[in-house]
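The values are calculated or read from the model by the stated rules, or taken from the named source; none is laboratory data. Here the structure is a predicted model, which is why all the values come from computation and not from measurement. Cβ placement follows ideal geometry from the backbone for every residue including glycine, while neighbour counts extend to all protein chains displayed. Surface accessibility is based on the protein's heavy atoms, side chains included, excluding ligands, DNA and RNA. Shrake-Rupley method; radii C 1.70, N 1.55, O 1.52, S 1.80 Å.
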Amino acid sequence: METKGEGLTYWGLLTDRSIGPMLLAANISRAASGLIPFGLVAFYTSRLQFMEAGVVSTVTMLAGAITAPLKARLLARMSPARLLLPLALVGGLLIIAAQTMALGSIPFWASALFLALGFAFLPPTPAVIRELWTQLAPSEASSRTLHALDSVLEELTFALTPLLTSLIWAMSDPYWAIVLGVVLAAVGNALIIAVGSRRGTATRSLLRTPIQAQEQAEEGTEGRSRRRRFGLGLAPGVLANALALLLPVACLGLTMSALTIILPAWSQKVTGSQPLSGVLLSLISWSGTLAGFIFGRLRLRIRDSRQYQFESLLMLAAVGLFALSAFLPSTPALLVAVCAAVMFGAAMTPMFVSSYVLVGPAFASNIQASMNAALGSVYNLADGLASLAFAALLQARGTGLTLVVLTLFVAAAVCFGLFRPVRPAAKAPASPGQD
């Protein structure tokens with residue numbers, strides 16, 4: 001990377017020869033993650049097939065989330081440059097085939113199966129990009145700035161793609177938003193490989209060289225047997241690190257999904273207007289964008305794991321305020337909910353940034369790709385499962401109890417992170433002859 005030292009700025013990153021073009025390519029690819037899921041929901045709801053829309057949303061999210069760590073590990077073994085585009089093409093063709101079948105008289109289960117297969121093949125490009133940022137940043141402070149800039153651009157991308165989908169929907173059919181998403185996924189991944197593989201760029205070797213699994217010389221039979229017992233090559237200490245890192249992110253997915261379902265009912269109860277829920281959700285996104293922009297430039301004298309704990313506590317406080325608002329009169333309830341939305345957004349984007357920054361020091365290089373993918377997977381898994389669970393609870397018990405249950409879930413995960421924070425990975429002792 002051309003930019004060196006601690007003084008990285010957002011403009012410096014955008015104009016860097018290695019990072020700037022990669023940010024552009026990554027966000028072209030990322031646009032598919034906004035167009036395809038919302039396009040699928042629009043496709044079915046435009047045909048008044050609401051149950052099908054819900055099933056497709058859950059199935060595709062689970063298919064992509066469950067397979068993401070495996071795909072990331074495969075990319076690490078064979079190199080991203082060899083697999084990103086083929087996976088994007090195969091996954092995209094399966095998705096287009098599924099929706100073309102849905103236009104005809106093919107049974108819904110058949111098109112849903114093709115969709116699930118398509119999402120299972122789509123590459124975990126965000127995990128690859130996040131790992132590149134971790135490897136490229138010359139310092140922890142620079143890593144935070146880079147991850148923050150990427151998160152801000154990601155939020156803006158996800159804010160714009162629903163508008164583009166709605167425009168296509170108004171002019172034609174949501175089917176074409178899905179097709180556009182597939183095309184952008186292929187173009188974006190091709191650009192990532194093209195711009196990242198240029199001679200003289202810091203990303204060339206990272207994209208083209210496989211990350212070989214490194215066995216620690218000092219590990220004996222006992223250590224290897226412990227890793228086999230946990231199935232994914234994680235020793236007990238690494239597993240604890242993984243849980244401390246992943247549980248708060250899972251709570252983010254759980255909470256965002258739950259709030260998307262609960263807030264319309266809350267708005268109807270408190271103000272008599274369901275559309276107000278959209279304002280609160282938008283406030284979360286804008287608060288998150290601003291917080292991510294500021295957080296990336298802060299130079300705090302607090303270690304990253306401690307910052308992650310504080311951000312988790314802020315998330316818990318925001319969810320608690322949402323729960324409190326359900327038991328207040330209308331005007332105080334609205335004021336408390338606005339504060340909760342701002343607090344939740346202020347916690348959300350910094351939490352994503354901190355989680356990606358922590359992957360580097362907390363895990364060995366041979367599992368960093370899997371951990372980056374797992375961060376996205378647990379968010380999506382929690383999001384998908386919460387959609388069904390909290391909708392059922394809301395219908396049975398109402399907004400107040402549903403928000404209380406949500407708060408208890410978040411509190412349990414935050415408490416685990418407080419008592420067992422993410423810790424730096426143990427470093428292998430220097431072998432004889434090493435300096």
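Considering only segment 102-112, I want to know if a residue exists there that is surrounded by 17 or more Cβ atoms within 10 Å (Cβ to Cβ) and not small (Gly, Ala, Ser).
To start, the set of residues in segment 102-112 that are surrounded by 17 or more Cβ atoms within 10 Å (Cβ to Cβ) comprises 102, 111-112.
Imposing the further condition that a residue be not small (Gly, Ala, Ser) reduces the set to none.
Scanning segment 102-112 turns up no residue that is surrounded by 17 or more Cβ atoms within 10 Å (Cβ to Cβ) and not small (Gly, Ala, Ser).
For segment 160-174, what are the residues that are under 25 Å from the mean Cα position of the chain (by Cα), part of a helix (DSSP H, G or I) and surrounded by 15 or more Cβ atoms within 10 Å (Cβ to Cβ)?
Start the filter on segment 160-174 by keeping residues that are under 25 Å from the mean Cα position of the chain (by Cα), which leaves 160-166, 174.
Imposing the further condition that a residue be part of a helix (DSSP H, G or I) reduces the set to 160-166.
Thr161, Pro162, Leu164, Thr165 - these are the residues of segment 160-174 that are under 25 Å from the mean Cα position of the chain (by Cα), part of a helix (DSSP H, G or I) and surrounded by 15 or more Cβ atoms within 10 Å (Cβ to Cβ).
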The conditions are (1) modelled with pLDDT under 80; (2) closer than 22 Å to His147 by Cβ, and Ala391 fails exactly one of them. Which is it? (2)
Looking at (1) within 19 Å of Pro421 (Cβ to Cβ); (2) at pLDDT below 85, find the lone condition where Met351 falls short. (2)
For segment 395-414, enumerate the residues that are surrounded by fewer than 18 Cβ atoms within 10 Å (Cβ to Cβ) and within 22 Å of the chain's Cα centre (by Cα). Ala411, Ala412
Tally, over segment 347-389, of residues that are touching a Ser or Thr at 6+ places or on another chain (Cβ under 6 Å) and either not aliphatic (A, V, I, L, M) or not in a helix (DSSP H, G or I) (or both): 6
Consider only pairs whose beta carbons are under 8 Å apart and that are at least six residues apart or on different chains; among these, list those whose first residue lies in segment 329-343 and is over 22 Å from Thr289 (Cβ atoms) and whose second residue is surrounded by 15 or more Cβ atoms within 10 Å (Cβ to Cβ) and of a type in the set (Gly, Ala, Ser). Pro332/Ser325; Ala333/Ser325; Ala333/Ala326; Leu334/Ser325; Val336/Ser325
Filtered residues of segment 92-133 (kept if touching a His at 6+ places or on another chain (Cβ under 9 Å) and of a type in the set (Phe, Trp, Tyr)): Trp133
List every residue pair whose Cβ atoms lie under 7 Å apart, where the two residues are 6 or more positions apart in sequence or sit on different chains, the first residue falls within segment 237-255 and is over 17 Å from Ala317 (Cβ atoms) and at pLDDT below 90, and the second residue, located anywhere, is surrounded by fewer than 24 Cβ atoms within 10 Å (Cβ to Cβ) and basic (Lys, Arg). Ala240/Arg420; Asn241/Arg423; Ala244/Arg420
List every residue pair whose Cβ atoms sit under 8 Å apart, with the two residues 6 or more apart in sequence or on different chains, where the first one lies in segment 70-84 and is touching a residue at least 40 places away in the same chain (Cβ under 8 Å) and the second, anywhere, is open to solvent by 70 Å² or more (accessible area, probe 1.4 Å). Arg77/Gln212; Ser79/Arg208; Ser79/Thr209; Ala81/Arg208; Leu83/Leu74
Would you confirm whether or not segment 385-394 contains a residue that is open to solvent by 10 Å² or more (accessible area, probe 1.4 Å) and under 15 Å from the mean Cα position of the chain (by Cα)? no
Somewhere in segment 323-344, is a residue at pLDDT 80 or above, within 30 Å of Leu74 (Cβ to Cβ) and open to solvent by less than 20 Å² (accessible area, probe 1.4 Å)? no
